[in-house]
Amino acid sequence: MATTLFIQRGDIAAWLADTAATHTVYAPLRDKTGVRFHRLCAQDAAAQTQALELDRQAQTPPKNVLLPACETLLEFSYAKQEDGSTSLDVQPVMPQGAVLLFGPRPCDARAFTVFDRVYDAGRGKDPYYTARRAATVVASVVCTRPEQSCFCTAVGGAPDDTEGSDILFTPVQDGFIVRPLTQAAEAVLRHPLFTEAAHREEEAADVCAAARAAVPCAPADFTAAPEPVAALFDDMEFWQSVTAKCLSCGACTYLCPTCYCFNITDESNGLEGRRLRTWDNCMSFQFTLEGSGHNPRPTKAHRYRNRIGHKFSYYPRIHDGALSCVGCGRCISSCPVTMDIRRIVHSAMQRAQCATPEQAHE
Ligand code: SF4
Ligand code: SF4
């Protein structure tokens, strides 16, 4: 396969419609509430792609594709045996089929690498996540129209970042210059609508350079945040002051492409039931409420300290410095009281810098 390909803008719909015959395809579509990732129906994909939207950020990230908001992990049933004993039958419900996720911005694709380090590495691999990850081709589109709340370049990313993606589509006037990044790309790019375009690589590089320059928060650098944020762990005065207006509504966690906490519950009806996994929310009081009634994170200040600490301190400490924030800005644009994570991390870095070393580590 050629290293660089081209597809005309008007041919994307036909390509997605054809691919929907062999893959479950997700793409960002305009709907009544804005832009969201929708599953294309094989029979109706051509019509659905009329609403394809690649110029605006989707309000919700596509993390549902790899980590569903609610999924059945297994089904179980009990049966009475003739000898009076009870038998238990357990059937795992594993993800099935190939998937194409088309159109995430590079920050949302990079967010999958945050999950990969937790659910697809080491001894504790999550079989459901790893099955979905292996079956999913992630085809990102270079972000040329960042939102005012975007800050990917401040957390080690870029609007043309390739981490977490299998294919990178770079928009140009007449279509997209397409760069396959992994072997997985081949399954969806072997299509007659793609033509060789090695001669247009320079054009793609120019678009990427302009995209990087357009990120509003380009000069900030939060990759040095882990130590300062850790140093402020016991400074509750700081955490109380920065979270005074927070409502603990949890919108920031549900809309975050890198938040991956979940809860597990069993539902049963008579002798049959199923085990469900659903997203959880660390901004909720109940998240750490113990059976005894004790809660180690009793106030929103404690919970927000954990949210910032996890993304900018604890996670990087055990994952070679990688932050678990990709700078998508959704927690800023969706917060009902305009909490701004950029300002809070910046304030934390400044406050730790101003404190004497003794004060900072008290
Ligand atoms: S969205 Fe805003 S108000 Fe709601 S929990 Fe997050 S920071 Fe607090
Ligand atoms: S913390 Fe906010 S800016 Fe960072 S990845 Fe999550 S939603 Fe995006």
The range 134-190: antiparallel DSSP beta bridges as a percent of all, rounded to 5: 65 percent
Starting from the Kirkwood Rh over alpha-carbon pairs, what translational D in µm² s⁻¹ does the range 1-137 have by Stokes-Einstein at 20 °C and 1.002 mPa s? 123 µm²/s
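First obtain the Kirkwood hydrodynamic radius of the chain from its Cα pairs, then insert it into the Stokes-Einstein equation at 25 °C and 0.890 mPa s, and state the resulting D in µm² per second as a whole number. Before the final figure, lay out the partial values.
Details: Rh = 22.3 Å.
So the translational diffusion coefficient is about 110 µm²/s.
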What's the local net charge at Asp31, with K and R +1, D and E -1, over the other residues with C-beta under 13 Å away? +4
For Ala134 and Gln286, extending 7 Å from Cα along the Cα-Cβ vector and measuring point to point gives, in nm, a value of 3.5 nm
Identify all lysines with a Cα-Cα distance to Lys311 below 20 Å; exclude those on the same chain that are fewer than 8 residues away in sequence. Lys63, Lys300
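Report the calculated FRET efficiency for Leu247 and Glu82 (r = Cβ-Cβ distance, R0 = 51 Å), to the nearest 0.05.
According to the calculation, E is roughly 0.35.
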Cα-based equivalent ellipsoid, the range 226-357: semi-axes from gyration tensor eigenvalues, Å: 30, 16, 15
Net charge of neighbours whose Cβ lies under 10 Å from the Cβ of Pro104, counting Lys and Arg as +1 and Asp and Glu as -1: +2
Taking the Cα atoms of the range 113-164, what is the range of coordinates along each of the three principal axes, in descending order and whole Å? 38, 21, 16
Under the definition of Cα pairs under 8 Å and six or more residues apart, what whole-number percent is the relative contact order of the range 289-362? 13 percent
Full-extension gain in nm, Ser347 to Asn263, via 0.36 nm per residue minus C-alpha separation: 27.0 nm
Give the peptides 118-127, 290-299, 188-197 in descending order of average Cβ contacts within 10 Å, highest first. 188-197, 118-127, 290-299
Quick check: at a probe of 1.4 Å, how many percent of the accessible area of the range 226-357 sits on carbon and sulfur atoms? 53 percent
Within a Gaussian network of the chain (alpha carbon springs, distance under 10 Å), most fluctuating of Met283, Met236, Met349: Met236
Compute the normalised compactness of the range 67-224: alpha-carbon radius of gyration over 2.2 N^0.38 Å, N being the residue count. 1.41
Which of Thr258, Thr72, Thr113 moves the most in a Gaussian network model of the chain with Cα springs under 10 Å? Thr72
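Once you list every other residue whose beta carbon is under 14 Å from the beta carbon of Pro61, what net charge do they have if Lys and Arg are +1 and Asp and Glu are -1?
Details: positive: Arg36, Arg56, Lys63, Arg105, Arg110, Arg330; negative: Asp108, Glu147.
Neighbourhood net charge equals +4.
By DSSP, what percent of the beta bridges with both residues in the chain are antiparallel, rounded to the nearest 5?
Given both bridge residues lie in the chain, the antiparallel proportion sits at roughly 80 percent.
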Assuming 0.36 nm per residue, please report the length gained on full extension of the stretch Phe233 to Glu272 beyond their Cα-Cα distance. 9.4 nm
Calculate, for the range 226-357, the solvent-accessible area per residue in square angstrom, rolling a 1.4 angstrom probe over the heavy atoms of the protein chains. 49 Å²
Need the full-extension length gain, Gln8 to Asp31, defined as separation in residues times 0.36 nm minus the C-alpha distance. One decimal, nm. 5.9 nm
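The values are calculated or read from the model by the stated rules, or taken from the named source; none is laboratory data. In this text the structure is predicted, and so the values were computed from the model without any measurement. All Cβ positions, glycine included, derive from the backbone under ideal geometry; neighbour counts span all protein chains shown. Each accessible area value is taken on the protein alone, full model and side chains, heavy atoms only, with ligands, DNA and RNA left out. Shrake-Rupley method; radii C 1.70, N 1.55, O 1.52, S 1.80 Å.
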